[in-house]
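The structure appears right after this line, and notes come after that.
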Amino acid sequence: MATVSDHPWRKSSFCESGACIEVRLGAITDMIEIRSTTDDPDDYVLVTAAEYDAFIADVKAGKFDRDKL
């Protein structure tokens, strides 16, 4: 059964174009919702908090820098 999170969507303060990624705590415990501001607002990806934390750690470590893609 789908539920709706009552947590607000958050996006980076660096987002100037309006075409950004937003995240929020999910309605399901230990889940994170991720969506694009340019897509249908009801479409989002649901990942575990552990997956999200691992992704953020990889971003901070530079694993997705352009020269490494």
With the structure loaded, tell me whether ASP53 is in a helix (DSSP H, G or I) and of a type in the set (D, E, K, R) or whether it fails that test. yes
Among the residues of the stretch 11-69 satisfying the criterion of being aromatic (Phe, Trp, Tyr) and without any contact (Cβ under 8 Å) to a residue 24 or more places away in the chain, which is surrounded by the most Cβ atoms within 10 Å (Cβ to Cβ)? TYR44
Quick check on my filter: what residues within the stretch 22-42 are of a type outside the set (Asp, Glu), at pLDDT 90 or above and within 16 Å of ASP53 (Cα to Cα)? VAL23, ARG24, LEU25, GLY26, MET31, ILE32, ILE34
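The values are calculated or read from the model by the stated rules, or taken from the named source; none is laboratory data. All values reported here derive from a predicted model rather than from experimental measurement. Every residue, glycine as well, gets a Cβ built from its backbone with ideal geometry; the counts of neighbours run over all protein chains shown.
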